[in-house]
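Below is one structure; the comments refer to it alone.
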Amino acid sequence: MRTAYSVETVRAAERALMARLPEGTLMGRAAAGLAAACAEFLGRVYGSRVVLLVGSGDNGGDALYAGARLRRRGAGVTAVLLSPDRAHQGGLAALRQAGGAVIGPERALGAIERADLVVDGVVGIGGKGGLRPDAARLASAAERSRAAVVAVDLPSGVDADTGEVSGSAVRADLTVTFGAYKPGLLIDPGREYAGTVRLIEIGLELPPDPVLQALQHEDVARLLPRPDAESDKYRRGVLGVAAGSARYPGAAVLAVSGALRGGAGAVRYVGPAGDAVIARFPETLVSDQGPDHAGRVQAWVVGPGAGEDAPTVAKVLGADVPVLLDADGLRLAGRDVVRGRTAPTLMTPHAGEAAALLGVRREEVEAARLASVRELAAKYRATVLLKGSTTLVADPGGGPVRVNSTGTGWLATAGSGDVLSGLAGSLLASHLSALDAGSVAAYLHGLAGRLASRGAPIAALDIAERVPEAWRDVVRD
């Protein structure tokens, strides 16, 4: 499992390690890893042109020491000092001794235009707010140039703890981070600025309570339900789906399509779209008698395409089984009703729906995704899966937030969320916790989207149809 830690935790681990090591050892490890990553990214070091954007403090020191290593391998290295009086003196001396050049910001634009690689060592993980004007001008020049951009630890201008970007920031092709992933590297908008992220181990001893967790194939494989010799369709779990309306029958079909591929033994559908559902998926157990008469289920999905059917939403929320609440159901469910439930609730809003529930603008949620998902989980005392470019899953009791590492922009298509709801609901019925069901569903959904797309547009049913392939890909590893 990939984990990310707060700046405070990383700083504490660094201090503890530095107290046991000779002075300069930790920076030496970081600089060596950074130089190796830059060399690999360049392909051919000898004769290449490298520009270092150097701020004050250790972040700039890492860049300078790495630059010295590249210079000794035959690269032409120029350091642009944004704060000459506060540049890391040891790193500066090492670069000069290796034959590197040092210039001020006023001469930097030409050097950046000719560069093959620009190294962002402006601001470290403790930086807050956007770049200052001089740095912003150079970051913009680097983005316009033909040079590849490598960020040291974190793209300057990105908040390490949240991924928020409140002004100008460096857009990197590669970010080389040290000791631990930082949340801002895994959560948009920061993730978008980071490019590919490479972790360099430097020997930090970190506590077992990260801020973020990102499941990998082996984690998902361990959580996926597997039938045994004694299993039957009822023991595997039965999911109830209360979705769709006369206006939106397709939402019911799509939710059922995801549910049938999520591991539960059977799916019961209740609602006005029964004919459409049974025509597409004859294995579905269809009823028009409402949730109270659907038969026994181990979990419910309610809300996709529900329109104004508040009574059905209320009946489902009154059931003493896990409930996934999506789409119209989020709007129709009372906060106090959700807070008062004793069985688990999994809410799956996109940014617009989350904004409405929190009483803020959508842009505020998108800019502060981590804070928003935590606030919503606490406000409703529910597990919340916040959909989007980086999907986050938060439990109401706190603990690490899960961030999904799969997906593609082509998943932003009508009905994709309905498929996700059915898939996650089926995992709930298979006895996964709300946190695990949401995290695993997001992982499989994203992987299925990639498999279906391969760079081309997709429809929601394409995603559902590739879930079995995604499942096989996960368990095969």
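The values are calculated or read from the model by the stated rules, or taken from the named source; none is laboratory data. Keep in mind it's a predicted model, so treat the numbers as computed, not measured. Cβ: placed from backbone, ideal geometry, glycine included. Neighbour counts: every protein chain shown. To get the accessible areas, we keep the full protein, side chains included, count just its heavy atoms, and leave off ligands, DNA and RNA. Shrake-Rupley method; radii C 1.70, N 1.55, O 1.52, S 1.80 Å.
Can you classify region 69-143 as rounded, prolate or oblate using the Cα gyration tensor, where a ≥ b ≥ c are the square roots of its eigenvalues, rounded means a/c under 1.5, and otherwise it's prolate if a/b beats b/c and oblate if not? Judged from the Cα gyration tensor, region 69-143 comes out oblate (a/c at least 1.5, b/c at or above a/b). Computed about its Cα centre, the charge dipole of region 382-477 is approximately 160 debye, with only Lys, Arg, Asp and Glu carrying charge at their Cβ. Rounding to the nearest 10 and keeping the result within 0 to 90°, find how far the Cα-based axis of helix 25-42 lies from the longest principal axis of the chain. Rounded to the nearest ten degrees, it is 80.
The residues of the chain have, on average, 41 Å² of accessible surface per residue, using a 1.4 Å probe with all protein chains present. Summing Lys and Arg as +1 and Asp and Glu as -1 over all other residues whose Cβ lies under 12 Å from the Cβ of Gln213 gives a net charge of -2. Between the helical axis of 133-144 and the longest alpha-carbon principal axis of the chain there is an angle of about 70 degrees. Put a plus charge on the Cβ of each Lys and Arg, a minus charge on the Cβ of each Asp and Glu, and nothing anywhere else: the dipole of the chain about its Cα centre is then about 960 debye.
Ordering Ala327, Leu206, Thr78 by Cα displacement along the dipole of the chain toward the positive end leaves Thr78 in first place; charges were set at the Cβ atoms of Lys, Arg (+1) and Asp, Glu (-1). Overall, the anisotropy analysis places region 248-395 in the prolate class: the square-rooted eigenvalues a ≥ b ≥ c of its C-alpha gyration tensor yield a/c not less than 1.5, with a/b exceeding b/c.
Gap in Å between the Cα centre of region 398-477 and the Cα centre of region 219-247? If you average the Cα positions of each part, the centres end up 14 Å apart. Only protein atoms count toward the accessible area here, which uses a 1.4 Å probe; on the chain, the carbon and sulfur part of that area reaches 48 percent. Taken about its Cα centre, region 278-395 carries a charge dipole of about 320 debye when Lys and Arg each add +1 at the Cβ and Asp and Glu each add -1 at the Cβ.
Other residues whose C-beta falls under 15 angstrom from the C-beta of Ala333 contribute a net charge of +1, scoring Lys and Arg +1 and Asp and Glu -1. Projecting the Cα positions of His431, Leu317, Ala101 onto the charge dipole of the chain (unit charges on Cβ atoms of Lys, Arg, Asp and Glu, taken about the Cα centre) puts Ala101 furthest along the positive direction. Two numbers describe the Cα atoms of region 1-126: Rg and Dmax, which are 14.8, 45 Å. Counted over the chain, the DSSP beta bridges are approximately 15% antiparallel.
For Gly33, what charge total do you get from the other residues with a beta carbon under 12 Å from its beta carbon, if Lys and Arg give +1 and Asp and Glu give -1? The answer is -1. Once the C-beta distance of Ser231 and Ala414 is scaled by a Förster radius of 30 Å, the resulting FRET efficiency is 0.30 to the nearest 0.05. The value of relative contact order for the chain, using C-alpha pairs under 8 Å at least six residues apart, is 12 percent. Considering only alpha-carbon pairs that sit under 8 angstrom and 6 or more positions apart, the relative contact order computed for region 75-197 is 21 percent. Each part reduced to its alpha carbon centroid, region 352-392 and region 1-21 end up 29 Å apart. Evaluating 6.51 cos²θ - 1.76 cosθ + 1.60 at θ = phi - 60° for every residue in region 308-322, the Karplus couplings come out as 10, 7, 5, x, 5, 4, 5, 5, 5, 5, x, 6, 8, 9, x Hz, glycine and proline recorded as x.
Toward the positive end of the charge dipole of region 169-217, with +1 on the Cβ of Lys and Arg and -1 on the Cβ of Asp and Glu, the farthest Cα among Val170, Pro189, His217 is that of Val170.
Of the listed residues Lys233, Lys182, Lys387, the order by accessible area with a 1.4 Å probe, largest first, is Lys233, Lys387, Lys182.
Residues Leu285, Leu423, ordered by accessible area of protein heavy atoms at a 1.4 angstrom probe radius and largest first, appear as Leu285, Leu423.
If a spin label sat at a point 7 angstrom from the Cα of Ser287 along the line to its beta carbon, the backbone N atoms of region 306-335 nearer than 18 Å would be those of 311-324. Note on Arg137 and Val360: with the Förster distance fixed at 30 Å, the Cβ-Cβ geometry gives a FRET efficiency of about 0.40.
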